[in-house]
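In what follows, a single structure is set out as structure tokens and then discussed.
The values are calculated or read from the model by the stated rules, or taken from the named source; none is laboratory data. What you see is a predicted model; the values in this text were computed from it and never measured. Backbone-built Cβ (ideal geometry, glycine too); neighbour counts: all protein chains shown. When the accessible area is computed, the model is the full protein with side chains, heavy atoms only, and any ligands, DNA or RNA have been set aside. Shrake-Rupley method; radii C 1.70, N 1.55, O 1.52, S 1.80 Å.
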Amino acid sequence: NVTDYGALCDGTTNDYTAINRARTAATAQTNGGTVLFPSNVTGACITNTSITFDADVTVKFEGGARLSWPTGIVIIFSGPLDAPSGQIFQGVGSTEVNNTEFGATYTGVVNPAWWGLTSGGNSTTNYTALAVAIRAAAANSYPHEVHIPPGTISYTTEMDVNSQSIGY
């Protein structure tokens, strides 16, 4: 639990040191451990420094937990990501193309809802969430499956993803 390592997750404090300590502790466990972002916090956990979660580390988000990062910061998930289908990523950095990556050893699907895509939601938010999810899934030439939830998804702009045009 990142709060056990000092993360405040209050939406304003840089929690990088605590998140990194939790990551280091999980990596040190035999066969890896879990970094938990809990639901019982008042805001998003924020990191102002890039971070890579190793292949043997599970990153778990409880319902309502969020991770936020500013522009220019890259978050890489190499191992399992255990998350609800709702939004878990927020902040300007999370919506920048190429600032969220899933490494070669990541075996799960990528869910655009993690960036805020919702059935019947705002078309601009849905466009951004879908674009970031697709690009994150294809980062570093390690293609991963993108799970698009059922329902009507509104977006009105054409998107070029890795030189392949996807029309809406």
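Here are some notes:
- Residues of the stretch 117-138 that are touching a Gly at 6+ places or on another chain (Cβ under 9 Å) and open to solvent by less than 10 Å² (accessible area, probe 1.4 Å): N126, A129.
- For the stretch 31-47, filtered to residues that are open to solvent by 60 Å² or more (accessible area, probe 1.4 Å) and modelled with pLDDT under 95, the residue that is farthest from G91 (Cα to Cα) is N31.
Here's the yes/no breakdown for (1) of a type in the set (D, E); (2) at pLDDT below 75; (3) within 18 Å of L67 (Cα to Cα):
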residue	(1), (2), (3)
N98	no, yes, yes
A104	no, yes, no
T107	no, yes, no
A113	no, no, yes
A129	no, no, yes
A133	no, no, yes
N140	no, yes, no
I148	no, no, no
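- Comparison of A26, A44 shows that the only residue that is touching a Leu at 6+ places or on another chain (Cβ under 8 Å) and on the phi < 0 side of the Ramachandran plot is A44.
- N14 touching a helix residue (DSSP H, G or I) at 6+ places or on another chain (Cβ under 9 Å) and not acidic (D, E): no
- The number of residues in the stretch 104-124 being more than 17 Å from P150 (Cα to Cα) and assigned to a helix (DSSP H, G or I) comes to 1.
- Residues that are open to solvent by 10 Å² or more (accessible area, probe 1.4 Å), under 21 Å from T17 (Cβ atoms) and under 9 Å from the mean Cα position of the chain (by Cα), drawn from the stretch 74-92: I76, Q90
- Listed by first and then second residue, the pairs with beta-carbon distance under 6 Å, at least 6 apart or on different chains, first residue in the stretch 1-12 and open to solvent by less than 50 Å² (accessible area, probe 1.4 Å), second among the β-branched types (V, I, T) and outside any helix (DSSP H, G or I), are C9/V41.
- Restricting T95, T58, T105, T71 to residues that are crowded, with 18+ Cβ neighbours inside 10 Å and either out of contact with any Ser or Thr (no Cβ under 9 Å at 6 or more places or on another chain) or polar (S, T, N, Q) (or both) narrows the list to T95.
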